[in-house]
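Asks: Before I ask anything, let me first share the structure, which is written out below as structure tokens.
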Amino acid sequence: MKGVLLFMTIQEKEKLELLQQMRRRREEKKKAKLRAKRRRRMALLVVAALITSIMLGTIYSASAKEITITEIDEFTGINESKTVKTRNDKVEEVLEEHGVSVGENDKLNVPAQKPVNDNEDIIVKRGKKITIKAGDYEEVVTVTKADVKDALVEAGYIPGEYDRISTDDHEINDGDIIELVSVSITNETTDETVEHGIEYVDDSSLPNGEERIVDEGENGVKQAVYKITYQNGEEVAREIVSETVIVEPRNKVIAKGTLVPTPMPTPVKPTGGFLSSSKSKVDDNGGSVNGYKYKKRIIMTATAYSSSPAENGGYAVSSMGTPLRYGIVAVDPDVVPLGSKVYVTSADGSWSYGVASAEDTGGAVKGNRIDLCYGDNAGAFGRRSCVVYILE
């Protein structure tokens, strides 16, 4: 009996242990399932988080704008560009976000408050403040060009071909003063007077020392071309380019007397009348009489008339308008041209009237006849044969 009980006790223990093992295995399986479930949940959470992160990154990238910022500084030679991402809306915000400052002398290609667009280019040009003087006008401007001429054009001043630019330095610095001197060159054509000259000619009909105007003369005209330089509208230089005479001047002609008057003849009792008793020296070979060259000799009949109006029909001047006086003779212009200088003497040289000027005519003076003018008492002369030499 005891053996049976002992056997049963042993079996029960084994059974109990077996049941306990089975319970432990079930618990372990439960725990394993719970751990597997937890791992699956964690993996799902990780995947979900990853997907969320990817989705959020995609959304952020899609909402950001790509902007190109360029900085240009001609004064230092800087020209740099960079492309950035931004979610900001205004130009100034984008520049501030990326550390780009804009000074009061700098220039933007777009307004600072302008909304930015994707793929927009923002250009910052570094500038300097200068003073420009043009004539009486002066202006303070901001320029971004380092070259002086380019800076003037940027400021709205376009230098002409001959304009001068003065500056204290070859490079532009803040506060510089640039002076633009407007220079223009033009050609000017003017008509100018050409003064006439004075020409003297000898006149043997005039007493020595006397003068008479033969021709008043006339000034000429020339066309002159000048190159004129103006600075700021004022003439500073004038240069003659060419001169062309379009009207030639005519000289003023003045006759100078060379006549040495023959002394008044004294009465010669044997012959009567007013005749010079001096004999004339005639050189037929040399063609001269008393030293005067002659070109023609004519045998004529001489009479005399008075210079007194009372004895000359009231006339006091010759046909040529000169006052009657000793030394004027009346002739036939067809034989002796008026204005000719003559020398009158006797054929044998026993008397002479001397040098005279043929300036008068008379109704009875025709052909080879000559009428000699005296002061008075001309009637005592009568009618005489003479030789008239027409002088050169």
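Asks: Can you tell me which residues in the stretch 123-161 are open to solvent by less than 60 Å² (accessible area, probe 1.4 Å), under 28 Å from the mean Cα position of the chain (by Cα) and under 14 Å from residue 172 (Cα atoms)?
Replies: 132, 148, 151, 152, 155
Asks: All but one of (1) in contact with a Cys (Cβ under 6 Å, 6 or more places away or on another chain); (2) modelled with pLDDT under 85 hold for residue 285; which doesn't?
Replies: Exception for residue 285: condition (1).
Asks: List, please: which pairs have Cβ atoms under 6 Å, are six or more places apart or on different chains, and start with a residue in the stretch 305-328 that is free of Cβ contacts under 8 Å to residues at least 40 places away in the same chain and farther than 14 Å from residue 356 by Cβ and end with one that is assigned to a strand (DSSP E or B) and among the aliphatic types (A, V, I, L, M)?
Replies: 323/317
Asks: Looking at 324, 372, 338, 391 in this structure, which one is hydrophobic (A, V, I, L, M, F, W, C) and within 60 Å of the chain's Cα centre (by Cα)? It would help to see each step written out before you state the result.
Replies: Details: 324 fails: within 60 Å of the chain's Cα centre (by Cα); 372 fails: within 60 Å of the chain's Cα centre (by Cα); 391 fails: within 60 Å of the chain's Cα centre (by Cα).
Answer to the check: 338.
Asks: Is there any pair with a first residue in the stretch 77-90 that is among the acidic types (Asp, Glu) and a second that is open to solvent by 80 Å² or more (accessible area, probe 1.4 Å) whose Cβ atoms are under 7 Å apart and which are 6 or more apart or on different chains, and what are they?
Replies: Close Cβ pairs (under 7 Å, with a partner that is open to solvent by 80 Å² or more (accessible area, probe 1.4 Å)) amount to 89/115.
Asks: Take the stretch 91-127 and flag every residue that is in a loop (DSSP other than H, G, I, E, B), more than 13 Å from residue 67 (Cβ to Cβ) and either free of Cβ contacts under 8 Å to residues at least 24 places away in the same chain or not polar (S, T, N, Q) (or both).
Replies: Within the stretch 91-127, the first condition is being in a loop (DSSP other than H, G, I, E, B), and the residues that meet it are 98-106, 109-114, 116-119, 126-127.
Now narrow it down to the ones that are more than 13 Å from residue 67 (Cβ to Cβ): 99, 101-106, 111-113, 126-127.
Residues satisfying the conditions are 99, 101, 102, 103, 104, 106, 111, 112, 113, 126, 127.
Asks: Mind listing just one residue for me: the one in the stretch 185-230 that is among the small types (Gly, Ala, Ser) and farther than 12 Å from residue 253 by Cβ and, of those, most open to solvent (accessible area, probe 1.4 Å)? Break it down stepwise before answering.
Replies: First pass over the stretch 185-230, keeping only residues among the small types (Gly, Ala, Ser): 197, 204-205, 209, 217, 220, 224.
The next check asks that each one be farther than 12 Å from residue 253 by Cβ; those that pass are 204-205, 209, 220, 224.
Values: 204: 46, 205: 16, 209: 71, 220: 2, 224: 0 Å².
The extreme case among them is 209.
Asks: Now for a separate question. Return only the number of the condition from (1) open to solvent by less than 30 Å² (accessible area, probe 1.4 Å); (2) over 15 Å from residue 301 (Cβ atoms); (3) in contact with a Phe, Trp or Tyr (Cβ under 9 Å, 6 or more places away or on another chain); (4) among the acidic types (Asp, Glu) that residue 371 does not satisfy.
Replies: Here residue 371 clears every test but (2).
Asks: Considering only residues that are open to solvent by 80 Å² or more (accessible area, probe 1.4 Å) and of a type in the set (S, T, N, Q), look in the stretch 53-80 and name the one that is modelled with the lowest pLDDT.
Replies: 58
Asks: Given the options 340, 350, 346, 308, name the one that is open to solvent by less than 10 Å² (accessible area, probe 1.4 Å) and farther than 13 Å from residue 371 by Cβ.
Replies: Numbers: 340 fails: open to solvent by less than 10 Å² (accessible area, probe 1.4 Å); 350 fails: open to solvent by less than 10 Å² (accessible area, probe 1.4 Å); 308 fails: open to solvent by less than 10 Å² (accessible area, probe 1.4 Å).
Result: 346 is the single residue among 340, 350, 346, 308 that is open to solvent by less than 10 Å² (accessible area, probe 1.4 Å) and farther than 13 Å from residue 371 by Cβ.
Asks: If you scan the stretch 100-122, which residues turn out to be closer than 26 Å to residue 173 by Cβ, open to solvent by 70 Å² or more (accessible area, probe 1.4 Å) and not acidic (Asp, Glu)?
Replies: Selection gives 101, 107, 109.
Asks: Determine, yes or no, whether residue 366 is basic (Lys, Arg), touching a residue at least 24 places away in the same chain (Cβ under 8 Å) and in contact with an Asp or Glu (Cβ under 7 Å, 6 or more places away or on another chain). Lay out the reasoning, then the answer.
Replies: Details: basic (Lys, Arg): yes; touching a residue at least 24 places away in the same chain (Cβ under 8 Å): yes; in contact with an Asp or Glu (Cβ under 7 Å, 6 or more places away or on another chain): yes.
For residue 366, the condition - basic (Lys, Arg), touching a residue at least 24 places away in the same chain (Cβ under 8 Å) and in contact with an Asp or Glu (Cβ under 7 Å, 6 or more places away or on another chain) - is met.
The values are calculated or read from the model by the stated rules, or taken from the named source; none is laboratory data. For clarity, every value in this text was computed on a predicted model and none was experimentally measured. Every residue, glycine among them, receives a Cβ derived from its backbone with ideal geometry; neighbour counts consider all protein chains shown. In case anyone asks, the SASA skips ligands and DNA or RNA and just uses the protein heavy atoms, side chains included. Shrake-Rupley method; radii C 1.70, N 1.55, O 1.52, S 1.80 Å.
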